[in-house]
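Input: a single structure, listed below in structure tokens.
The values are calculated or read from the model by the stated rules, or taken from the named source; none is laboratory data. Just so you know, these numbers come straight off a predicted model, no measurement behind them. No Cβ is skipped: glycine too gets one built from the backbone with ideal geometry, and neighbour counts run over all protein chains shown.
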């Protein structure tokens, strides 16, 4: 494996000059541009790799990014990791990945990850940072969350404009002629926040959700959708059912639709269903799901651009996209 000493010998310069170039301090040290170019060309030709252990001991940039995964069941996990890794390879970074148990802060795992002194941390998934260790949050390290925006100034968030998403869903349903609404989801912080935003979006149209048909299950994902259907189907007459129901994510929506269909309630003929996320199976389901598309690949790319200095260090929100498919229609005969 090549070293800085090898590069210095071939470039006929001192090792200290090579070190300053390769650690990004050439400009502040007044090193000539042709020397910088020659060092970088030799480093690339020799496939030079920095000594991570030495960088950690000296407090320099390590070229490492700590990735903290909230849930390995996240439907977007593979896409986000693929985008993070693609940018890391292009910019000379490496990813170190740890997971959380039950989406809770794991002090031991985070401590072990921090021992490698990554230049930044990326948290994948909407996270309640109020339960996280304050010393970690106050460390001064760049912490980027790809997920639901948070108010904590110590967290740089790359997320979707959730209030705009709620307005898109409501506008679509109202334009179809719907005036009665319900909601199903789990009891996660994401579902509760989306419920609040949906209520606000409905108020803009002087409408509201029918409280008997707002159900947040203690179960998660698909199990929450099946549980919500069981709850609603207790109303056997269905005469007072809303004509449109919003699910707080696609897995919940798909399981909900399946359970309704098995009970003889058809979508969208008897009730329209909309949702959030646009996972792969949303467009393949029968009926295909009308849902909010999350620009997760763009969010991951933006996070990496912040880490590498290509973009300003500040939270960003990207606009959602409504994908209209087969699960919504004008209110039909009940």
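What the table below lists for this structure:
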item	result
Selection from the stretch 243-265 of residues that are closer than 16 Å to residue 182 by Cα and part of a loop (DSSP other than H, G, I, E, B)	243, 248, 249, 265
Number of positions in the stretch 225-241 that are buried (at least 18 other Cβ atoms within 10 Å of the Cβ), over 15 Å from residue 266 (Cβ atoms) and out of contact with any helix residue (DSSP H, G or I) (no Cβ under 7 Å at 6 or more places or on another chain)	1
Unique residue being touching a helix residue (DSSP H, G or I) at 6+ places or on another chain (Cβ under 6 Å), touching a residue at least 40 places away in the same chain (Cβ under 8 Å) and farther than 17 Å from residue 221 by Cα when the list is 308, 248	308
Count - residues of the stretch 266-288 that are closer than 21 Å to residue 187 by Cβ and in a helix (DSSP H, G or I)	0
Selected residue (criterion: surrounded by the most Cβ atoms within 10 Å (Cβ to Cβ)) from residues of the stretch 197-213 that are modelled with pLDDT of 95 or more and within 16 Å of residue 248 (Cα to Cα)	198
Which listed residue, of 307, 257, is surrounded by 21 or more Cβ atoms within 10 Å (Cβ to Cβ) and in the same structural domain as residue 84 (by TED's automatic domain parsing)	307
Residue in the stretch 71-90 that is in a strand (DSSP E or B), surrounded by 17 or more Cβ atoms within 10 Å (Cβ to Cβ), touching a strand residue (DSSP E or B) at 6+ places or on another chain (Cβ under 8 Å) and in the same structural domain as residue 302 (by TED's automatic domain parsing) present	no
Candidate set from the stretch 11-40 (those that are assigned to a loop (DSSP other than H, G, I, E, B) and within 38 Å of the chain's Cα centre (by Cα)); member that is nearest to residue 64 (Cα to Cα)	23
Odd one out for residue 239 among (1) in a strand (DSSP E or B); (2) in contact (Cβ under 8 Å) with a residue 60 or more places away in the chain	(1)
Failed criterion for residue 185 (all others in (1) surrounded by 16 or more Cβ atoms within 10 Å (Cβ to Cβ); (2) touching a strand residue (DSSP E or B) at 6+ places or on another chain (Cβ under 8 Å); (3) farther than 11 Å from residue 248 by Cβ hold)	(3)
Number of positions in the stretch 297-331 that are within 15 Å of the chain's Cα centre (by Cα) and either in a strand (DSSP E or B) or within 19 Å of residue 168 (Cα to Cα) (or both)	5
Residues located in the stretch 182-203, provided they are assigned to a helix (DSSP H, G or I) and more than 27 Å from residue 69 (Cβ to Cβ)	198, 199, 200, 201, 202, 203
